[in-house]
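Data first, discussion second: the structure below is written as structure tokens.
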Amino acid sequence: MPAALTSATLARLMGRWHHGAGPAYRELSDVVRLLILDGRLPLDTSLPSERSLSETLGLSRTTVTAAYAQLRESGFLSSGQGAKGRARLPRTAKSAAPGLAAPDGLLDLAYASLPASGEVVHRAYSAAIVDLPAQLPGFGYEVLGLPALRAAVAAHYSQSGLPTTAEQILITSGAQHALTITLRADAQPQHGQPAKVLVEHPSYPNALDAIVAAGARVTPVSVGLPGHSNWDMAAFEQAFQQQRPALAYLVPDFHNPTGRLMPDSQRRCLVRAAAASNTVLVIDETLRDLNLDGLQTQHVAAFGPGVVTIGSLSKSHWAGLRTGWIRASSAQIRRYAAARTTLDLGGPIAEQLAATHLLADFDEPLPARLAALRSQRAALQDLLARHLPTWEVLKSDGGLSFWCRLPAPISTALTVLAPEFGVRLAAGPRFGVGGSFEQHLRIPYTLPAGDLETAVIALRNAQAKLEAAPQLRRTLSDPPRAAIA
């Protein structure tokens, strides 16, 4: 039986929605449409009755009726005799449910990720099937991860100039899982107060969500001034000293979403500042291997023994492996293993066997992937300059995307309109807290050049619609919650 939404719950999801930018029924229709598109209002959920919603919102029933009618006409609300309308997606829009890649007909720019490195991943899985029988006599619970994979990850770090032993590695189900474990262990409330977690601003949306879900308080620090490639290290040092966060989560290697690379001099300062405030420094290196311009930096952990590093194969090889890790001191790894058992008892064995084979020849797929990304990055930069010349495209040192400054605070409005033009976006405010970055969008260059051209032209057309109808430009109190990778 479909879930039913009360009028009070829908009102809470909508937040401050009525801005006077147009007729109330149209604004109401638009905000419900956005809730459906970004997944906060699940598909097939029954909306409250017109009378109930009008009473809760303090609107006339005529206004709610008109809003529902517009939703039905645009395909976002089902209709049925004597039945409440249910949330749905238009057949022509072919949008995606949260967590799923967009189906044919809708280009997904909310995901900065790549398909599998083809034959390399297939070969690794084939080898894993051969290895699997040797694992079957065991129970299959590997809280720390398969010993062979832990050793392979440790060897990978050692080969890159950071001596590491297998005892310093905990295998996880991706980098997000790794962060959740560190939060569970190191960001617990103290004296009835939530722990503070320092982050760059902007930051990776799923990390921000994980911090909030852990009951911690996000402490954002601006990553730096527009047009400058370095971090504002003075601001970070001051935040460590004054806020004394329990944990800090940073992405210094091709930062998501800005693409910046932190220089070694600042890495050294960062480690020193975190140690002085007794803060657990968690460094996300998921994008480190997507070094498009051959820039050289040391691992942050090379500057101090207390640094916790998380990584995965999701961006370099394939997200479907769901294989990541934590690198820390052996004592920290034991604590993280204990914290992990409150979440799960280990990852899938077959995937860990495949990952072990991939780590044995880690660099094999990278030259071709990096070459393709360089070409797509150049193509996207040219397309944006030609079709959206009022956008400021910030330089990307590597990784998978550009962080773009828009000519006006229209990020959420573009996200609302983009599916009409065949594109799914993640609005800028999803990368921050408090509604920040309404004038920014992250645009990945992970699609083929032809698809990138189609997407940029769609964005140009969506922006033209906004410019032709200024009343559509409004900022919602809550940024859209599209599924993001």
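The values are calculated or read from the model by the stated rules, or taken from the named source; none is laboratory data. Being a predicted model, the structure only gives us computed values, none of them experimental. In this analysis, Cβ positions are derived from the backbone assuming ideal geometry, glycine residues included, and neighbour counts consider all displayed protein chains. All accessible areas refer to the heavy atoms of the entire protein, side chains included, with ligands and DNA or RNA removed. Shrake-Rupley method; radii C 1.70, N 1.55, O 1.52, S 1.80 Å.
In region 17-57, which residues are modelled with pLDDT of 80 or more, open to solvent by less than 10 Å² (accessible area, probe 1.4 Å), over 14 Å from Ala4 (Cβ atoms) and not hydroxyl-bearing (Ser, Thr, Tyr)?
Glu27, Leu28, Val31, Val32
Failed condition for Ser401, given (1) open to solvent by less than 30 Å² (accessible area, probe 1.4 Å); (2) in contact with a helix residue (DSSP H, G or I) (Cβ under 7 Å, 6 or more places away or on another chain); (3) closer than 22 Å to Asn461 by Cα, with all others met?
(2)
Please specify each residue of region 327-383 satisfying the condition of being at pLDDT 95 or above, outside any helix (DSSP H, G or I) and small (Gly, Ala, Ser).
Passing the criteria: Ala328, Ser329.
If Gln238 meets every condition in (1) assigned to a loop (DSSP other than H, G, I, E, B); (2) over 19 Å from Gln168 (Cα atoms); (3) over 18 Å from the mean Cα position of the chain (by Cα); (4) not aromatic (Phe, Trp, Tyr) apart from one, which number is that one?
Gln238 satisfies all of (1) assigned to a loop (DSSP other than H, G, I, E, B); (2) over 19 Å from Gln168 (Cα atoms); (3) over 18 Å from the mean Cα position of the chain (by Cα); (4) not aromatic (Phe, Trp, Tyr) except (1).
Here are some conditions: (1) in contact (Cβ under 8 Å) with a residue 60 or more places away in the chain; (2) open to solvent by 50 Å² or more (accessible area, probe 1.4 Å). Ala275 meets all but one. Which one does it not meet?
Result: Ala275 passes all but (1).
Just to be sure before I move on: is Leu144 in contact with a strand residue (DSSP E or B) (Cβ under 7 Å, 6 or more places away or on another chain) and open to solvent by 40 Å² or more (accessible area, probe 1.4 Å) in the structure I sent?
yes
Among the residues of region 411-436, which ones are open to solvent by 10 Å² or more (accessible area, probe 1.4 Å) and in a loop (DSSP other than H, G, I, E, B)?
Gly422, Gly432, Val433, Gly434, Gly435, Ser436
Quick one: which helices (runs of 4 or more DSSP H) lie wholly within region 128-229 and hold at least 2 residues that are at pLDDT below 95?
Correct list: 205-213.
What number goes with the only condition from (1) crowded, with 20+ Cβ neighbours inside 10 Å; (2) in contact with a Phe, Trp or Tyr (Cβ under 9 Å, 6 or more places away or on another chain) that Pro163 does not pass?
So Pro163 meets the others, but not (1).
So which of Ala328, Ala408 is open to solvent by less than 50 Å² (accessible area, probe 1.4 Å), small (Gly, Ala, Ser) and in contact with a strand residue (DSSP E or B) (Cβ under 7 Å, 6 or more places away or on another chain)?
Result of the check over Ala328, Ala408: Ala328.
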